[in-house]
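Q: Could you have a look at this structure, given as structure tokens, before my questions?
All of the numbers you see were taken from the coordinates with simple rules; none came from a lab. As the structure is a computational prediction, the values presented were derived from the model and not from experiment. Reconstructed Cβ throughout: ideal geometry from the backbone, glycine too, with neighbour counts over all protein chains shown.
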Amino acid sequence: MSRIYTTFRLLVIILCISNPARAAHALPGWTHMRGDLVLQWDLGNDKATLSHRVKGGVMWQGSLLPSLWYENPKKEKRYSKAVVQSAVKEGDKLVVSLQWPGLGKGRLLVENTATGWRFTELSAEWAAFTPKIIEMYLGASMLVNGANVQPTWDRPFMPDWQSFGYCVPGAKAGTVQSYFRSWDFGHTTIALGNFGPSMGTPYGAAFPRPVLFAGMGSDGGWLTAGAGRVPNAAMSLKIQSTRGCLQFLYREDLWGTPTGKTRIWKDLARFAIDTTAYGSFRQYYASFPGVEKSNAGESLRKQTASIWNTWGMWRWKKYPIRPIADFMEKMQNEVMVLDDPWESSQGSGVPDLKKFPDFYQDIAYIRNKGVEVGVWETIGWIKDTVACGLGKKDLILDKNGKPCMANWNFDPQGDAYYCMDFSSEKTRKFLWDRTVRIMKEIKPRVIKLDFGYGLPNPDMGAPRDPALRGERHTFALMQQIAKAAKSVDPDVVIMGYGISPLWVPLTDLVSMDDQGDLWFDLHRGHQEWSVWASLLSGYGVAISGSSCYDWALDDGILLNSAILGSPGAVLPSEIAENEQVPPQFLNRRLAVNLWHRRTAKWEPRWYNSSTGNMQGPPQLKCWGRVEEGNLTALVLREGERAQTVENINWTGQWALISQDNAPITTSGQVALIPFAPGHITLFTQNKPTKIIHRNINGESTLDHWKWADGKLTITVSEEEFKNTAGYLVHAQP
């Protein structure tokens with residue numbers, strides 16, 4: 001009898017050991033292909049790989065099942081990674097039954113789409129208790145025994161995504177860098193959302209955050225992993241000892257959990273692949289539907305307007321408004337944005353009549369010049385809470401129950417501001433009423449929203465409502481402001497900084513900021529930022545190329561703005577103390593202000609430019625703007641010797657901008673803007689009827705041009721260049 005019992009026990013043990021192996025072996029594989037790239041997921045071993053089906057090289061590998069670092073009722077920290085129990089294919093969908101060891105069961109729904117994989121829904125049903133989630137991970141696993149090198153890491157698990165390199169647009173600024181080898185990071189966190197400075201990541205404040213995605217791979221192929229919905233956690237790319245993962249920071253051990261025994265994450269993540277990092281980003285963007293934005297007449301014209309910002313003078317504490325307006329008039333700008341500090345206190349929405357005693361008369365003065373007005377506004381900061389009618393219950397509190405304060409760089413000794421909690425009904429009402437009052441009293445054409453990145457991260461403070469935590473808090477604050485503004489004027493332009501496709505519904509115009517974060521490498525940095533900004537080109541969001549603070553460096557930035565579309569500026573209206581800006585600098589900005597493209601949907605054409613790779617950063621040389629198949633703008637660089645692009649021969653540097661929707665070579669009117677002395681020869685369908693020469697002093701008819709054999713030639717000498725904004729070629733018969 002004892003032998004039978006022993007044999008039975010051995011059989012049970014064998015079955016217990018072999019069943020999971022058999023179950024794992026029986027699990028279906030999951031594959032997505034793009035060209036010769038193959039993304040595969042072995043569910044039984046939770047190992048995904050990106051490889052080349054012909055060459056066979058692996059560009060990325062790692063796990064995909066989610067895991068939790070949590071606190072139990074005994075206040076012990078534990079780790080639980082989901083384990084597959086079964087998986088069923090239903091066409092292009094995969095239904096995965098999960099077990100959360102020590103916690104309960106769950107389910108993961110995965111979709112295979114034309115653009116890649118979507119984790120459409122992740123659910124968990126807690127058994128004995130509701131865990132307080134500290135962090136959630138995609139791409140983390142228990143530490144493997146026998147590791148040669150022990151990292152400085154206080155968790156029993158590690159990131160497990162492996163690739164030669166990583167790419168996060170604008171991961172660091174000063175100077176800007178987006179591509180990194182895996183060992184360049186060491187142990188670091190790269191904020192993908194709104195919490196960069198507060199999480200101590202490499203500094204990068206406004207543009208291009210939030211991005212909410214990251215690329216991994218090598219020059220053989222790239223995988224992009226990104227959010228499918230705005231997360232209720234702070235989202236980061238976590239790197240430890242060359243290995244990466246996505247981290248979602250919750251800190252429910254500090255702030256409490258949502259109610260109920262069931263937890264659901266909708267559209268947790270999306271995965272896309274392509275041969276380049278930029279290409280995989282484009283596939284990720286393509287997984288989101290376009291948001292219908294107004295493309296009709298005046299509304300679009302306001303969205304794509306040329307904007308002058310007062311910060312160029314106000315950063316010097318030179319606050320008179322009318323001299324800036326007079327200067328703007330010469331530059332033909334359409335909107336003047338009143339930046340910080342126009343308010344009585346930051347976030348009040350009330351003008352500072354001590355600093356600007358004639359505020360409303362100054363606004364009338366601006367409008368009398370035919371120029372619209374815009375205002376700067378902080379998204380979540382508030383300085384004088386008492387004057388604004390807000391109390392402790394309306395603010396983000398720290399773990400000691402005191403109101404959190406924050407600033408742009410989180411300097412503990414710096415001037416700081418309280419942070420509004422959108423969970424509060426009073427906060428929501430204050431934001432709505434403030435915005436409506438601004439809209440009715442000032443009637444701004446543009447509202448520039450700033451410092452969404454300057455809110456406390458979940459280690460410091462969190463909204464009381466769990467549904468509004470993490471990246472969703474900034475989104476909710478910005479959404480309330482946008483809704484309130486558009487309830488008064490549906491055509492008001494909401495300007496933001498982030499390039500995430502999830503922010504597209506809130507944003508009419510994305511600003512590339514003032515280039516302060518680019519530090520001393522402005523031209524290369526602006527080129528890199530321009531490449532990442534172009535990811536929005538298919539979404540009807542206008543892009544403002546902005547400027548730096550130095551007029552002498554403006555031309556290199558303006559060349560990119562000619563393609564991006566909407567010129568913006570934070571330049572001073574003086575070259576130095578009470579010294580006028582030379583016409584040579586004013587001319588080019590005038591030309592782009594006059595002739596920039598008035599459309600918001602386009603595609604980039606790169607020519608000899610590069611979107612970057614593991615051999616070097618993005619670099620713009622010659623590149624173009626394509627709309628509905630037509631080349632409507634073209635920038636020609638590197639023209640010290642004669643070169644040819646699109647059958648155009650040139651020396652010097654040029655921007656060509658169609659003034660209708662026809663290609664530059666068949667347009668009824670095309671602007672030719674020289675950025676250096678030289679010549680240009682291009683095919684035109686018809687002989688020009690006239691060519692207008694324009695500069696800061698006005699316009700005249702150009703007579704020294706040639707047209708022969710269907711080609712137009714214009715030559716600009718060094719002396720002529722100093723007095724030329726550009727040429728408007730009228731080519732209609």
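Q: Expected output is a single nm value to one decimal: the length gained when fully extending between residue 229 and residue 578, i.e. 0.36 nm times separation in residues minus the C-alpha distance. What is it?
A: Fully extending the segment from residue 229 to residue 578 adds 120.6 nm.
Q: Hey, quick one: spin label on residue 75, modelled 7 Å out along Cα-Cβ, who in the range 245-263 has an amide N within reach, i.e. under 19 Å?
A: Of the residues in the range 245-263, 251-257 have backbone N under 19 Å from the label point off residue 75.
Q: Calculate log10 I(q)/I(0) of the range 623-730 for q = 0.09, 0.13, 0.17 Å⁻¹, where I(q) comes from the Debye formula with a single equal point scatterer on each Cα and nothing for solvent.
A: -0.20, -0.42, -0.75
Q: In debye, nearest 20: dipole of the range 234-289 around its Cα centre with unit charges on the Cβ of K, R (+) and D, E (-)?
A: About 80 debye.
Q: Another question, then. What net charge do the residues around residue 162 carry, taking every other residue with its C-beta under 13 Å from that of residue 162, with Lys and Arg at +1 and Asp and Glu at -1?
A: +2
Q: How many percent of DSSP beta bridges within the range 297-601 run antiparallel, rounded to 5?
A: Here the share of antiparallel DSSP bridges comes out near 25 percent.
Q: Let me ask another. Roughly how big is the chain's charge dipole about its Cα centre, with Cβ charges of +1 (Lys, Arg) and -1 (Asp, Glu), in debye to the nearest 20?
A: Numbers: 79 positive and 72 negative charges, 511 e Å.
Charge dipole, the chain, about its Cα centre: 2460 debye, nearest 20.
Q: Would you mind counting up the charge near residue 280? Only other residues with Cβ under 13 Å from its Cβ, with Lys and Arg at +1 and Asp and Glu at -1.
A: Cβ neighbours under 13 Å give a net charge of +1.
Q: Quick check: residue separation of residue 359 and residue 291 times 0.36 nm, minus the Cα distance between them. What number comes out in nm?
A: Gain in length upon complete extension: 20.8 nm.
Q: Which residues among the range 328-351 fall inside the zone where the amide N is under 17 Å from a point 7 Å beyond the Cα of residue 367, along Cα→Cβ?
A: Residues 334-338, 351 qualify, since their backbone N sits under 17 Å from the label point.
Q: Name the residue from 291, 412, 686 whose Cα lies farthest towards the positive end of the charge dipole of the chain, charges +1 on Cβ of Lys and Arg and -1 on Cβ of Asp and Glu.
A: 291
Q: Now for a separate question. Could you work out the Rg to Rh ratio of the range 537-679, with Rh taken as the Kirkwood radius (inverse of the mean 1/r over all Cα pairs)?
A: Radius of gyration over Kirkwood radius for the range 537-679 works out to 0.97.
Q: Would you pull out the residues with amide H under 5 Å of residue 397's amide H, same chain only if 5 or more places away, H placed 1.01 Å from N?
A: 404, 462
Q: Give me the angle, in degrees from 0 to 90, between the Cα long axis of helix 583-595 and the longest principal axis of the Cα atoms of the chain, rounded to the nearest 10.
A: Approximately 70 degrees, to the nearest ten.
Q: Also, I was wondering about something else. At q = 0.07, 0.11 Å⁻¹, what base-10 log of I(q)/I(0) does the Debye formula yield for the chain when every alpha carbon is treated as an equal point scatterer in vacuo?
A: Scattering profile of the chain, log10 relative to I(0): -0.53, -1.18.
Q: I want to make sure I understand the PRE zone here: with the label point 7 angstrom from the Cα of residue 465 toward its beta carbon, which residues in the range 477-510 have backbone N atoms less than 17 Å away?
A: 477-484
Q: Can you give the FRET efficiency for residue 521 and residue 142, using 1/(1 + (r/R0)^6), R0 = 60 Å, r = Cβ-Cβ distance, to the nearest 0.05?
A: Efficiency for this residue pair is about 0.90.
Q: Okay, moving on. Could you size up the charge dipole of the range 668-728 around its Cα centre, putting +1 on the beta carbon of Lys and Arg and -1 on that of Asp and Glu, and report it in debye to the nearest 20?
A: Computed about the Cα centre, the dipole is about 200 debye.
Q: When the Karplus curve 6.51 cos²θ - 1.76 cosθ + 1.60 is applied with θ = phi - 60°, which whole-Hz ³J(HN,Hα) does each residue of the range 629-635 get, with x for Gly and Pro?
A: Result, rounded to whole Hz: x, 9, 7, 9, 8, 8, 10.
Q: Follow-up. What whole number of Å gives the distance from the Cα centroid of the range 369-403 to the Cα centroid of the range 53-102?
A: Here the two parts' Cα centres lie 41 Å apart.
Q: As a check on your grasp of the helix formula, calculate [θ] at 222 nm for the chain: sum -39500 (n - 2.57) over DSSP H runs of n ≥ 4, divide by the residue count, round to the nearest 500.
A: Computed ellipticity for the chain at 222 nm equals -6000 deg cm²/dmol.
Q: If you don't mind, there's one more thing I want to ask. Using Cα centres only, tell me the gap between the range 455-474 and the range 524-603 in whole Å.
A: Value for the Cα centre distance between the two parts: 35 Å.
Q: Sticking with this one: Could you tell me which residue out of 493, 700, 273 lies farthest along the dipole of the chain toward its positive end? Charges go on the beta carbon: Lys and Arg +1, Asp and Glu -1, centred on the Cα centre.
A: Going by the charge dipole, the pick is 273.
Q: If I stretch the segment between residue 262 and residue 642 completely, what's the gain in nm (0.36 nm per residue apart, minus their alpha carbon distance), one decimal?
A: Difference between extended and current length: 130.1 nm.
Q: Quote the relative contact order of the chain in percent (integer), defining contacts as alpha-carbon pairs under 8 Å separated by 6+ residues.
A: The normalised contact order for the chain reaches 10 percent.
Q: Using +1 at the C-beta of Lys and Arg and -1 at the C-beta of Asp and Glu, which of 664, 60, 634 has the Cα lying farthest in the positive direction of the dipole of the chain?
A: 60
Q: Same structure, new question: How far apart, in nanometres, would the label points at residue 386 and residue 175 be if each is projected 7 angstrom from Cα along the Cα-to-Cβ direction?
A: 5.0
Q: Next question, about the same structure. Convert each backbone phi in the range 654-669 into a coupling constant with the Karplus relation 6.51 cos²θ - 1.76 cosθ + 1.60 (shift: θ = phi - 60°), then list the ³J(HN,Hα) values in order as whole Hz, x for Gly and Pro.
A: Calculated HN-Hα couplings, in order: 9, 10, 10, 9, 5, 9, 10, 9, 8, x, 4, 7, 10, 5, x, 9 Hz.
Q: While we're on this one: First measure r as the distance between the Cβ atoms of residue 429 and residue 326, then evaluate 1/(1 + (r/R0)^6) with R0 = 45 Å and state the FRET efficiency to the nearest 0.05. Let's see the in-between values first.
A: Details: r = 40 Å, r/R0 = 0.88.
The formula returns an efficiency of 0.70 here.
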